[in-house]
Structure formats: C-alpha cells, structure tokens
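In what follows, a single structure is set out as structure tokens and then discussed.
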Amino acid sequence: MSDIIIAIDGHSATGKSSTAKKVAKHLGYIYLDSGAMYRATTLYFLNNKIILASIDQIQKALNKIDIEFRKDKNGLPLTFLNGKNVEDKIRTMEISSKVSGVSAIKAVRVAMVEQQRKLGEHKGIVMDGRDIGSVVFPNAELKIFMTASANVRAERRQKELAEKGQTVPFKEILKNVVDRDEQDSTRKESPLIKVDDAIEIDNSNMSFEEQVNQIIELAESKITADV
Ligand code: DC
C-alpha cells in the first residue's frame with residue numbers, strides 16, 4: 001500500500017484544519033497546517049515592524065524565520081516560531097486581519113512553498129491551505145475543496161474563539177471571513193481556486209464526522225487503487 005498526498009484547500013473557516021488533522025490521525029499520516037506558517041510569518045513581521053512594501057526587509061526577515069511544528073501531550077500540533085510556542089498568538093483576530101496581506105507577497109509564498117514541498121516529499125501527508133492542490137502539490141492523489149456559507153463559517157469561528165476566551169462580535173468575524181475569501185481568491189500570487197481535479201465539499205449542512213468520513217473514504221479508495 002503506497003502513501004498518498006491529500007491536499008485540502010478551501011475558504012476560510014471551513015474547518016479544513018480540524019478535518020485534515022482527524023483524517024491524518026486516522027490514516028497515520030503527517031498533518032501540516034500551511035495557514036499556520038503564513039500566520040507565524042505575519043506575527044514575526046508584526047513583532048519586528050517589517051514594512052510590507054520593502055522587499056529588502058521582507059527577504060532579510062524571511063531568512064531569520066524558523067517555523068516548526070511540535071506535538072503537545074495529546075499529540076496535537078503546536079506552531080513554534082524561532083523556538084517559541086506561538087500557537088495561541090497566531091490565532092488572534094489581529095493576525096487573521098493581517099495574514100491575507102502577508103500571504104499575498106510573492107517572496108513569502110516562495111519561501112513557504114519550498115518548506116511545504118520538503119515536508120511532503122515522502123508522501124503520507126495531509127496538508128491544508130489555499131494553494132496546496134494548485135501549486136504546492138499539483139500531483140496530489142486526492143484534492144479536496146472545502147466550502148460553506150459565510151454565515152455558518154462565521155458562527156463556527158465565533159464559537160471557536162469563545163472557547164479560547166476571546167469574545168468577538170459576530171459582525172466582525174463575518175467581515176473577516178468574507179474579506180479574506182475576497183483577498184485570497186483575487187490576489188495575483190497563487191490565488192485560491194478550485195482546480196478541475198478537486199472534489200468540492202460544501203459542509204454548510206454537514207456534521208464534522210460526516211465530512212471527515214467522506215474524506216477518509218475517498219482517501220482509502222485512492223490508496224487501494226494505488227496498490
Ligand atoms: O487556513 P488559515 O485561515 O489559517 O490561513 C490563514 C491565511 O493564510 C489565509 O487567509 C490565507 C493564507 N494562506 C495562503 O495564502 N496559502 C495557504 N496555503 C494557506 C494559508
């Protein structure tokens with residue numbers, strides 16, 4: 001049985017990461033949250049007051065950024081930026097509102113994609129993001145495009161933030177979700193697109209278990225077909 005690459009792309013707050021995590025665990029695959037890498041880069045730029053219009057500053061900063069994923073005691077991935085756990089810091093509304101700007105920069109994408117490809121060179125990986133099936137792994141054996149209505153996504157994100165103790169008005173979250181979709185889909189560099197060979201899953205009316213099971217079934221049929 002040979003390992004495959006599973007690319008999960010789609011709109012913001014569609015539950016790509018939680019789904020990808022669960023699918024990876026079931027298959028015994030590595031999970032990689034590519035959005036966390038763009039978020040950690042955004043945090044570094046913010047902390048170091050990097051001017052986004054300065055390619056020189058960006059290039060120097062990129063050479064100083066080291067992003068790693070380590071596991072917590074339950075085996076869940078934590079994002080480390082230059083040796084520090086930044087998992088909570090990269091999930092704030094401030095980072096969410098700035099990350100689309102940073103991820104639209106070509107030099108940033110080149111640096112991230114290079115690392116992502118290295119992490120997937122042995123296959124057996126589930127990676128979620130915006131350009132995984134289109135740019136990072138165009139030959140991925142299974143490509144999923146996840147979407148859901150903006151209202152449903154904003155509701156889920158609000159609940160998620162509340163569970164972490166962050167109270168954010170619904171309107172603000174909805175605006176962030178809609179704005180990020182717009183920016184991610186219309187940017188020049190690697191815009192979010194549904195590639196022809198991706199399977200679209202609209203999970204507006206689906207339970208989390210249903211979508212996880214659907215992807216596991218699709219993955220298992222690919223893995224078996226690949227024997
Ligand atoms: O998946 P996420 O919402 O944590 O991603 C945060 C942002 O990073 C998202 O708005 C767009 C960007 N991103 C990207 O451009 N390419 C990826 N492969 C993953 C994320």
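What follows draws every value from the coordinates through simple rules; no lab data is involved. From a predicted model like this one, the values you see are computed outputs, not experimental measurements. Positions of Cβ are backbone-derived with ideal geometry, glycine not excepted, and every protein chain shown enters the neighbour counts.
Tell me, what is the Rg over Rh of the chain, with Rh the Kirkwood radius over Cα pairs? Walk me through the intermediate numbers first.
Values: Rg = 16.9 Å, Rh = 17.9 Å.
My calculation puts Rg/Rh at 0.94.
Translational D (Stokes-Einstein, µm²/s) of the range 29-80 at 10 °C and 1.306 mPa s when Rh comes from the Kirkwood sum over C-alpha pairs? It diffuses with D of about 130 µm²/s by this estimate.
Note on Asn213/Ser185: beta-carbon distance plugged into 1/(1 + (r/R0)^6) with R0 of 30 Å gives a FRET efficiency of 0.60. Once the Cα-Cα distance is subtracted from the 0.36 nm per residue extended length, the Asn139 to Arg91 segment shows a gain of 14.3 nm.
Charged neighbours of Ala198, selected by a Cβ distance under 10 Å, balance to -2 (K, R count +1; D, E count -1).
Show me the ranking of peptides 62-74, 171-183, 37-49 by mean Cβ neighbours inside 10 Å, starting with the highest. Display every interim value, and only then the final one.
Working: 62-74: 11.8, 171-183: 16.8, 37-49: 20.2.
Those peptides, ordered most packed to least, come out 37-49, 171-183, 62-74.
Taking 0.36 nm per residue of sequence separation and removing the Cα-Cα distance, the Lys222/Ser204 pair yields an extension gain of 3.9 nm.
Cross-linked pairs Lys60/Lys143; Lys64/Lys222; Lys84/Lys118; Lys123/Lys159; Lys64/Lys164: Cα-Cα separations exceed 28 Å for Lys60/Lys143; Lys64/Lys222; Lys123/Lys159; Lys64/Lys164. Annotation: amide H-H contacts under 5 Å for Ile8 (H modelled 1.01 Å from N, sequence separation of 5 or more, or interchain): Met127, Asp128, Gly129, Ile144.
When the Cα positions of Leu43, Ala219, Ala24 are compared along the charge dipole of the chain, Leu43 comes out farthest toward the positive end, with charges on each C-beta of Lys, Arg, Asp and Glu.
Considering only Ile173, Asn151, Ser204, and ranking their Cα positions along the charge dipole of the range 145-213 that arises from unit charges at the beta-carbon of Lys, Arg, Asp and Glu, the one farthest toward the positive end is Ile173.
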